[in-house]
1. Under a 5 Å amide H to amide H cut-off, with H placed in plane at 1.01 Å, what residues pair with LEU120 once short-range neighbours are removed?
2. Go ahead and estimate [θ] at 222 nm for the chain from helices alone: -39,500 (n - 2.57) per DSSP H run with n ≥ 4, summed, over the residue count, rounded to 500.
3. Given Cβ point charges of +1 (Lys, Arg) and -1 (Asp, Glu) and nothing else, what value in debye, to the nearest 20, does the dipole of the chain about its Cα centre take?
4. Taking the 0 to 90 degree range and rounding to the nearest ten, how far is the long axis of helix 62-82 tilted relative to the main principal axis of the chain, both from C-alpha atoms?
5. Could you give the size of the charge dipole of the stretch 216-296 about its Cα centre, using +1 on the Cβ of each K and R and -1 on the Cβ of each D and E, expressed in debye and rounded to the nearest 20?
6. Residue by residue, what Karplus-based ³J(HN,Hα) values in Hz, rounded to whole numbers, does the stretch 197-214 have, using 6.51, -1.76 and 1.60 with θ = phi - 60° and x for Gly and Pro?
7. May I ask you to evaluate 6.51 cos²θ - 1.76 cosθ + 1.60, the Karplus curve with θ = phi - 60°, for each residue of the stretch 281-286 and list the ³J(HN,Hα) values in order in whole Hz, giving x for glycine and proline?
8. Fewest first, what order do HIS275, HIS43 take by the number of other Cβ atoms within 10 Å?
Amino acid sequence: ANMASEEYDCIVIGAGIQGSFTAYHLAKNKKKTLLLDQFFLPHSRGSSHGQTRIIRKAYEEDFYVHMVEGSYELWARLEREAGVKLITRTGLLLMGPENAKDFQLVKSSVQNNGIPAVFLQRHEFSQHIPNVNLTPGDGALVETTAGVLFADRAVRAAQMVFQGYGGEIKDGQKVLQIEPGSVVTVKTGSGIYRAKSLVIAAGAWCNELLTHVGLQLPLQVLKINVCYWKEKVPGSYSVKNRFPCFIQLHPKEAENDIYGLPSNEYPGLMKLCYHSGSETNPDERDKQTDKSDVEVLSRYVVRCFPGLVPVPSVVESCMYTVTPDQNFVLDHHPTYRNIVIGAGFSGHGFKFSPVVGKVLSELSMGQVPSYDLSPFRIDRFSTQPKSAL
């Protein structure tokens, strides 16, 4: 009966990196904004925790290249506003079968978009990239401006600046009900909040929230085993020795890509992961104990990274929320224009979050978004999302 009831211009559900940046942009635009999260912050239950992510421009699709370029500018702005360093430049080594379609597409995208890169010939590979065996038939390029994003630090920085602009964060509040309307009502265990617009950026819990507003998206939640591997000789794959991030397309061991980041956050341990995982329920993530991906990685390490011990020293968990085409969902709800959805970041969304937050805030303010969002619309899924009502 004595539940708190408050009014806002906008409510953002989900205080991961996408929701935090959405709230940041709204508060910058003088909107009274509430950022809600079901867990107490900071937490490691979703997809934005952990210390590092890759940032790169080497994408097949031009629209992603342009969004990363915009993101770099906004990341630099956040670094200035928060007074923290969020990116370290390491370069990105991209390896993959030279004649495969996706390697060729990235290669031409790099050339057409003027992305600074070095194409490595097989005979010079080992002098540039020691301690890595290039697979026969693979091409290799290094995108020189790519690097590492400090993830936990970035989430904290975006939230801190958001609060500096007068934004409000309420954590430990699970959403129990959403009532659409010209004013949207959001009920949690602790309060009732109303706003002219709502942004749902709840990661793996997106579809659970969308049941309240009669929508289900084709999202699959995967548990990712984030693995750290010990260097046989400390420093051989270290940021300090200018070892780059890497992506291996079409590894012989498996059907999905393998990626890695130089040893940094855990001294002497390199992060090397499989870009997929097993389906999971986000509330029971740790019951999912499938380790077949770790076996794939061990075989890959033996073959291509001889300077690493082929058994991981640390395994952490993260979740990907994946769409059928691996592209994001950035759109209005098909029925309720004042409900905006950011979802399906498919394990590669973190680097884009400053721009994602910007366009989600623009959609929720009824403005024309500053990027072409046609690749991210809900209506691209062949079967129209079913009404769940």
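All of the numbers you see were taken from the coordinates with simple rules; none came from a lab. These figures come from a predicted structure and were not determined experimentally. Reconstructed Cβ throughout: ideal geometry from the backbone, glycine too, with neighbour counts over all protein chains shown.
1. Counting only residues 5 or more places away or on other chains, the set is ALA140, LEU141, VAL142.
2. It comes out at -7500 deg cm²/dmol, rounded to the nearest 500.
3. Once rounded to the nearest 20, the dipole reads 700 debye.
4. 70 degrees
5. 480 debye
6. Working through the residues one at a time gives 9, 10, 10, 9, 9, 9, x, 5, 9, 4, 5, 4, 6, 5, 4, 5, 10, x Hz.
7. Whole-Hz 3J(HN,Hα) from phi for the stretch 281-286: 8, x, 7, 10, 3, 7.
8. Least crowded to most crowded, the residues run HIS43, HIS275.
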